[in-house]
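See below for the structure under consideration.
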Amino acid sequence: MNYKQDQQGLYLVANKKFINWMDVHTYCHTCLAALTFDDEFDASYCSTCNEWREEKCSDNSCEYCERRPQRPLDPRR
């Protein structure tokens with residue numbers, strides 16, 4: 001069995017992977033896949049679930065949010 005000795009801290013064990021507790025926010029809360037960041041829309045998403053993991057902002061004239069597709073992997077305009 002592979003494991004690291006002398007590694008202290010809190011970890012989430014999921015899908016046979018150890019995820020450091022400080023990095024949990026970079027994983028999907030539904031499927032635990034690593035999140036991807038989309039520079040074009042300045043938001044994180046899960047490519048497995050095809051869902052954004054950040055809400056649109058409340059600014060109606062936001063250059064990122066106004067053009068953002070419903071789902072991250074939908075065809076881009």
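FYI, it's all coordinate maths here, none of it is from the lab. A quick note: this is a predicted structure, and the numbers were derived from the prediction, not measured. Don't worry about glycine lacking a Cβ; one is built from the backbone with ideal geometry, like all the others, and counts go over all protein chains shown.
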Zone of Arg76's modelled label, taken as backbone nitrogen in the range 34-66 under 18 Å from a point 7 Å along Cα→Cβ: 36-48, 50-54, 63-66
What is the set of long-range amide H partners of Ser47 at a cut-off below 5 Å, with H atoms built 1.01 Å from backbone N? Thr36
Given R₀ = 22 Å, FRET efficiency for Lys16-Ser47 by Cβ-Cβ distance, to 0.05? 0.65
Taking θ as phi - 60°, what are the ³J(HN,Hα) couplings along the range 25-36 by the Karplus curve (6.51, -1.76, 1.60), each to the nearest whole Hz, with x for Gly and Pro? 5, 9, 10, 5, 6, 8, 10, 6, 7, 5, 7, 10
Interchain or sequence-distant (5+) residues whose placed amide H lies within less than 5 Å of the amide H of Ala14 are Ile19
What is the chain's relative contact order, in percent, from Cα pairs under 8 angstrom and six or more apart in sequence? 16
For Rg and Dmax of the Cα atoms in Å, several values are listed as [x] 16.1, 53; [y] 11.7, 36; [z] 12.4, 45; flag the one computed from this structure. [x]
Give me a comma-separated list of calculated 3J(HN,Hα) values for the range 13-18, in order, Karplus coefficients 6.51, -1.76, 1.60 applied at θ = phi - 60°, integers in Hz, x for any Gly or Pro. 9, 8, 6, 6, 10, 9
